[in-house]
Amino acid sequence: GDVDVDAIEARIKEMFADIPAPVNPAERTQFMIEDNEEPIVAIASDPELTSYQVMMFHKQDATPDSLKNDVSYWLSQYVISLVTSMQNDRLQELTQKSNPPFVYGYSYYDDYYVAPTKDAWTSVVIPKDAEGIEEAIAAMVAETKRMQQYGFTASEYERAKADFMKNIESAYNERNNTENSKYVDACLDHFISNEPMMDIETEYMLYQQIIPSLPLEAINSIVKEIIPQNNFVMTLLAPEKEGEVLPTEEELLAMYNNAMAVEVEPYVEEVFDGPIVAELPKPGKIKNEVVDEVFGTTEWTLSNGMKVIYKQTDFKEDEIRMSAYSPGGLTALPQDDPYTLQVLGNIITLGGVGEFSAIDLPKVLAGKKVSVSPDISIYAEGMSGSCSPKDLETMLQLVYLYFTAPRADEEAFASEMQRTKAMLKNMELNPMITLSDSLNKVMYNNHPLVKRMTIEDYDKVDYAKAMEMYKDRFSDPNNFTFTFVGNIDVETFKPLVEQYLASLKKNKRKENWKNVGLELTNEDYVTHYQREMKDPKTSVYMIYNGDMEYNLYNQVYMSVLSDVLDIVYTKTIREEQGGTYGVGVMGSTNNRPDDDFRFLIAFDTNDEVYATLMDIAKAGLKDVAENGPRQEDLSKVLENKLKKRTEQLQENRFWISAIESQTRDNIDIISEYENIIKGVTVESVAEFAKQVLNGNLKEVVQLPAK
């Protein structure tokens, strides 16, 4: 970081020099994992596991640290990265089928379990249930054999190379804005395991030289070496359920051997080679322009009524961020089908967009740094996205398609529902689900829009209706406000906005969100109940809520109070009582559907001390309300907030949030923030804490059954 190297070195010596060196220090032992000719199979079950997991390891000796300085090792890591990416793309395709062979699956090459002395090509697969274990194993084995026998296709390789170089190029372009954590991680990896460490300029130059000259045949030949004939290990983790019989180790191995005996065909794919937007729309116009000197933004009103706000920054050379919103969301739709409404935001992009399925779209975007995601929340619909400046047109093309050409895919929807229901089958085994249900009931009285959905509820989801709901929410571009922040070239940006945003057809309706009764209940509530669990623990949730004006002053004070109490509870509950690993403290103010606040205090402990710790937590809030926080605690919190704000002002993500806060809620979080922080005193925090303390208190405590 931005430090004086000599001063830091002297400080480290000063702080640590008086620590005596150990006499006869323990020698670090590396445990060598033996090779095995015969397969090793292990099965474990637990009554609180909610899903099944099969792992297949093909292990081999790890590269010694002494050989990692060789360029061949550095190159092998690049090859493994490509192979892993291409294989996982194939596995992802399998999950899009109407009757997928597993819920989720992926492969990687790394340490064997936790042993640094052995590496392994590892395949992980999540079966639908106990009956689906064999099908999941068969599918994963087939894909592994297909990769090993036939390698990858030229089109797969070109996409993987393009995506890899996109990331390296982005890191190179941002070399002057690299976060400190990346340097720290690289230093740690180099120190602990001698992983190569080089500057991005050298790395970028080497990849530019090597990637074009490394043929597909070389990649496919290396694939064959990743999986040895011996050293196979297989594990099964499963829920422990009464009446359910899991396969034995012999039966599990037989499933693997049967799958290995099946012949596989080479991978085949259709490669799309056409424009993202087949027919360009007639461009619209920018009708009005307003400049905001305080925020450094420019606002355009387009010919279709849409507003576009942009801010040029140089925080990151290779980044433009986008966000959009329109008031309405789920509350603006008919409320007679809460099941479809609840999952709407998760299923609207299952089919992809335009001419491209969800499988084809990443292939079309290979080599581009771009993403766009439409979303429908409770009170708004909108989009989020980001791109490299050179991919700005692609981002706006995707926005245009998500407005004009949403794509349904019944097969992808059927797959999503099957996999979701499979994951829910054993969800009740997790004690935290009971706690979540209890909180939902206490806070929202089981409102249909937030109530947890069951397997039977997912059977009621209407995909055709969902897509019509999506079209309805995005049929009025005139109600949308788009915000762009980043390295924007206005001369390039302006015609693209006119082409892809101003061209969207106007809908004359003007909408807002509605109050559908999703507010917190204004009453005190206490429930302490018992639940059977394998590993006993007591979970405590205390929620204060009440009316509070939604403004920047209250937002800042809520954040200050949360941080102050975090310090208080760390000292009293964690350190002095040793009653929990940590106390979660989180306060927020809200303006939908009404202006109010929520203040949460939560922790896990045991049933012998939970009542005492709750009393301490309540006493801590009461003490701050009556006497204010300790000045040293408050000073620490305020100093940290000013430091963090200085960092935030150099982030595109923060400016997106600040601009939307102003345009959507008329809250200026830029101009007055520092003045409010500097005006915070012990007395003013005490007055604010009184408002929280005088709110309603909802107490939910889940205890282990005796």
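Considering the range 521-571, and only residues there that are of a type in the set (Gly, Ala, Ser) and surrounded by fewer than 18 Cβ atoms within 10 Å (Cβ to Cβ), the residue that is nearest to the chain's Cα centre (by Cα) turns out to be Ser559. What are the pairs with Cβ atoms under 8 angstrom where one residue, in the range 1-26, is in contact (Cβ under 8 Å) with a residue 24 or more places away in the chain and the other, located anywhere, is open to solvent by less than 100 Å² (accessible area, probe 1.4 Å) and not aliphatic (A, V, I, L, M)? Sequence gap at least six, or different chains. These pairs meet every condition: Gly1/Asn180. For the range 553-569, indicate whether the set of residues that are part of a loop (DSSP other than H, G, I, E, B), within 23 Å of Gln662 (Cβ to Cβ) and either at pLDDT 95 or above or not aliphatic (A, V, I, L, M) (or both) is non-empty. Checking the range 553-569: not a single residue is part of a loop (DSSP other than H, G, I, E, B), within 23 Å of Gln662 (Cβ to Cβ) and either at pLDDT 95 or above or not aliphatic (A, V, I, L, M) (or both). Of everything listed in (1) more than 30 Å from Leu365 (Cα to Cα); (2) modelled with pLDDT of 90 or more, the single unmet condition for Ala218 is (1). Yes or no: the range 259-269 includes at least one residue that is hydroxyl-bearing (Ser, Thr, Tyr), in a loop (DSSP other than H, G, I, E, B) and either touching a Ser or Thr at 6+ places or on another chain (Cβ under 7 Å) or modelled with pLDDT under 90 (or both). Yes: one or more hits.
In the range 162-179, the qualifying residues are those that are part of a helix (DSSP H, G or I) and among the hydroxyl-bearing types (Ser, Thr, Tyr), and the one that is surrounded by the most Cβ atoms within 10 Å (Cβ to Cβ) is Tyr172.
Of the residues in the range 647-657, how many are touching a Phe, Trp or Tyr at 6+ places or on another chain (Cβ under 7 Å) and surrounded by 14 or more Cβ atoms within 10 Å (Cβ to Cβ)? Selection size over the range 647-657: 3.
Considered as a group, the residues in the range 1-17 that are open to solvent by 90 Å² or more (accessible area, probe 1.4 Å) and assigned to a loop (DSSP other than H, G, I, E, B) include one that is nearest to Asn426 (Cα to Cα), and that residue is Asp2. Candidates are the residues of the range 439-453 that are touching a residue at least 12 places away in the same chain (Cβ under 8 Å) and assigned to a loop (DSSP other than H, G, I, E, B); the one that is farthest from Val343 (Cα to Cα) is Asn445.
Filter the range 481-520 down to the residues that are of a type outside the set (A, V, I, L, M, F, W, C) and within 30 Å of Lys698 (Cα to Cα), then identify the one that is nearest to the chain's Cα centre (by Cα). Write out each step before concluding.
First, pick out the residues of the range 481-520 that are of a type outside the set (A, V, I, L, M, F, W, C): 481, 483, 486-487, 489, 491-492, 494-495, 498-500, 503, 505-512, 514-515, 517, 519.
Add one more test, that the residue is within 30 Å of Lys698 (Cα to Cα), and what stays is 514-515, 517, 519.
Working: Lys514: 29, Asn515: 29, Gly517: 29, Glu519: 27 Å.
Filtering first and then ranking leaves Glu519.
Count of the range 269-289 residues, restricted to those that are out of contact with any strand residue (DSSP E or B) (no Cβ under 9 Å at 6 or more places or on another chain), in contact (Cβ under 8 Å) with a residue 40 or more places away in the chain and open to solvent by 60 Å² or more (accessible area, probe 1.4 Å), is 5.
Residue-by-condition table, conditions (1) open to solvent by 50 Å² or more (accessible area, probe 1.4 Å); (2) part of a strand (DSSP E or B); (3) touching a Leu at 6+ places or on another chain (Cβ under 7 Å):
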| position | (1), (2), (3) |
| --- | --- |
| Asp633 | no, no, no |
| Glu639 | yes, no, no |
| Ile677 | no, no, yes |
| Val680 | no, no, yes |
| Glu687 | yes, no, no |
| Lys690 | yes, no, no |
| Leu697 | no, yes, no |
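Of all residues in the range 403-429, those being in a helix (DSSP H, G or I), in contact (Cβ under 8 Å) with a residue 60 or more places away in the chain and not basic (Lys, Arg) number 14.
Residue-wise test of (1) assigned to a helix (DSSP H, G or I); (2) within 17 Å of Val79 (Cβ to Cβ).
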position	(1), (2)
Lys182	yes, no
Gln208	yes, yes
Thr235	no, no
Met255	yes, no
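Considering the range 658-675 alone, what residues qualify as being outside any loop (DSSP other than H, G, I, E, B), without any contact (Cβ under 8 Å) to a residue 24 or more places away in the chain and open to solvent by 50 Å² or more (accessible area, probe 1.4 Å)? The answer is Asn675, and nothing else. Among the conditions (1) out of contact with any Asp or Glu (no Cβ under 7 Å at 6 or more places or on another chain); (2) open to solvent by 10 Å² or more (accessible area, probe 1.4 Å); (3) among the aromatic types (Phe, Trp, Tyr), the only one that Phe356 does not satisfy is (2).
Considering Glu135, Glu131, Glu158, the condition of being touching a residue at least 12 places away in the same chain (Cβ under 8 Å), within 30 Å of Ala254 (Cα to Cα) and open to solvent by 60 Å² or more (accessible area, probe 1.4 Å) is satisfied by Glu135 alone. Give the residues of the range 608-629 that are in contact (Cβ under 8 Å) with a residue 40 or more places away in the chain and either in contact with a Cys (Cβ under 7 Å, 6 or more places away or on another chain) or outside any helix (DSSP H, G or I) (or both), sorted by residue number. Matches in the range 608-629: Gly628, Pro629. For the range 18-59, the tally of residues that are among the basic types (Lys, Arg) and surrounded by 13 or more Cβ atoms within 10 Å (Cβ to Cβ) stands at 1.
Pairs meeting the criteria (first residue in the range 87-105 and within 25 Å of Ile219 (Cβ to Cβ), second residue open to solvent by less than 30 Å² (accessible area, probe 1.4 Å) and among the aromatic types (Phe, Trp, Tyr), beta carbons under 9 Å, at least 6 apart or on different chains) are Gln87/Phe152; Arg90/Phe152; Leu91/Phe102; Leu94/Phe102; Thr95/Phe102.
Inspect the range 623-631 for any residue being within 30 Å of Ile309 (Cα to Cα), open to solvent by 20 Å² or more (accessible area, probe 1.4 Å) and not hydrophobic (A, V, I, L, M, F, W, C) and give the result as yes or no. Spell out how you get there, then give the answer.
Taking the range 623-631 first, the residues within 30 Å of Ile309 (Cα to Cα) are none.
Scanning the range 623-631, I find no residue that is within 30 Å of Ile309 (Cα to Cα), open to solvent by 20 Å² or more (accessible area, probe 1.4 Å) and not hydrophobic (A, V, I, L, M, F, W, C), so the answer is no.
Please verify whether the range 199-207 includes one or more residues that are among the polar types (S, T, N, Q), in contact (Cβ under 8 Å) with a residue 60 or more places away in the chain, farther than 30 Å from Lys59 by Cα and open to solvent by 40 Å² or more (accessible area, probe 1.4 Å). Taking every residue of the range 199-207 in turn, none turns out to be among the polar types (S, T, N, Q), in contact (Cβ under 8 Å) with a residue 60 or more places away in the chain, farther than 30 Å from Lys59 by Cα and open to solvent by 40 Å² or more (accessible area, probe 1.4 Å).
For the range 333-353, the set of residues classified as open to solvent by less than 20 Å² (accessible area, probe 1.4 Å) and farther than 27 Å from Leu94 by Cβ consists of Leu333, Asp337, Leu341, listed by residue number.
The values are calculated or read from the model by the stated rules, or taken from the named source; none is laboratory data. Nothing here was measured: the structure is a model prediction, and the numbers come from that model. All Cβ positions, even for glycine, are placed from backbone atoms using ideal geometry, and neighbour counts span all protein chains on display. Heavy atoms of the whole protein, side chains included, go into the accessibility calculation; ligands, DNA and RNA do not. Shrake-Rupley method; radii C 1.70, N 1.55, O 1.52, S 1.80 Å.
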